[in-house]
Amino acid sequence: MKKAFIIITLLCGNIVTSAANVYFDVGSPGDVYDGKTYYSTFITGSAPMSYHIATVGGYWVVSTYQCRIKYPDGSWTAWIPGQSGGWALTIEGHYQIQARVWVDYDFAGQNNYWMYSNILDFYVVDNENPPYPQNFTADFSGSNPVLSWSAISQADKDSYIIAKKVEGVTGYADVATVSATTTQWTDYSVEHAGKFDPLYVIKYKIKSQDVNDNTSGYSSEQSVTATTDEFWKLVKLDDALNIPEYKLEQNYPNPFNPTTNINFEIPENSHISLVIYNILGEKIATLINSPLVVGVYSITFNAGEFPSGIYVYELRSQRTRISKKMILTK
């Protein structure tokens, strides 16, 4: 392989830097750091860059120009023909670029060989957050609510993240991440309420995420009034805000068969889990795993599928853990 002096000119704003036998030049100073060039993505979600290849001096007769780049994941593109060209790059990170030319003959009498440039480094930085999806709605279609929105147009879009809360019962929590090619999501855990089902106001909001994990803010809220099998057993007994500490009461009745009630109090908005274990310490049921707001709660546990015995129920928050025993008799 023969090494040549080849000039690569890359354009992205006004950028000048040089390395070894190759330099980047657009005729005026730009974003240069220690000999390496940084390209920032635009609001469109991509960082456009272009190049121009030339040989130094008049020592070769050249018929073909090609260029390739190496992505942050280590993969090279194919060799792209043309003395000029470029890419619209969406993934941030460390890139490399290389050029080559086909020499028909040179003045030393050699002919028909590839002549390569040095491999140069450059970087793409993505500091642009994508916009949140527009036209967000939540409406029933059949038995379940369907969320709809308009796709964002950014080149680096990756996914949409949906958050949900049950008004007065839980705080917002992300419940689904869907592909950027999707503009609808159905919540099958929520249904039209029947005559004897408890009603909840269930709220949703959505944000977008790009391939570099930048996220938008959330959209405005949309809500439906419905029932949900996620929370139908959970009842908020009191909105008291002066609860001094976490409290887990003894279940009642106890012993029980097959249902029992568990009351608990939380003094702050927190992510709460309420888990049932058998006497061997094996988790057999998760009654709650969700953000809850301050209040007094009651939940019903149905142990119809479990054998008689001693069980442990545990309330856990980000700051505390409380457990008690209960007895199932059949």
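In table form, for the structure just shown:
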quantity: Residue satisfying all of: in region 268-307; farther than 19 Å from Thr329 by Cα and of a type in the set (Ser, Thr, Tyr); surrounded by the fewest Cβ atoms within 10 Å (Cβ to Cβ) among these; calculated: Thr286
quantity: Condition met for Pro244 (outside the structural domain of Val166 (by TED's automatic domain parsing) and under 18 Å from Gly171 (Cα atoms)); calculated: no
quantity: Restricting region 219-243 to residues that are at pLDDT 90 or above and surrounded by fewer than 19 Cβ atoms within 10 Å (Cβ to Cβ), the residue that is nearest to Tyr311 (Cα to Cα); calculated: Ser223
quantity: One residue from Ala99, Ala88, Ala54 being buried (at least 21 other Cβ atoms within 10 Å of the Cβ), over 30 Å from Lys205 (Cα atoms) and small (Gly, Ala, Ser); calculated: Ala99
quantity: Candidate set from region 115-144 (those that are assigned to a strand (DSSP E or B) and buried (at least 19 other Cβ atoms within 10 Å of the Cβ)); member that is farthest from the chain's Cα centre (by Cα); calculated: Met115
quantity: Residue within region 145-166 that is surrounded by fewer than 13 Cβ atoms within 10 Å (Cβ to Cβ) and not assigned by TED's automatic domain parsing to the domain that holds Ile53 present; calculated: yes
quantity: Selected residue (only one of Pro72, Pro145, Pro131 is closer than 30 Å to Thr182 by Cα and in contact with a Gly (Cβ under 7 Å, 6 or more places away or on another chain)); calculated: Pro72
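The values are calculated or read from the model by the stated rules, or taken from the named source; none is laboratory data. For clarity, every value in this text was computed on a predicted model and none was experimentally measured. We place every Cβ from the backbone using ideal geometry, glycine too, and count neighbours over all the protein chains shown.
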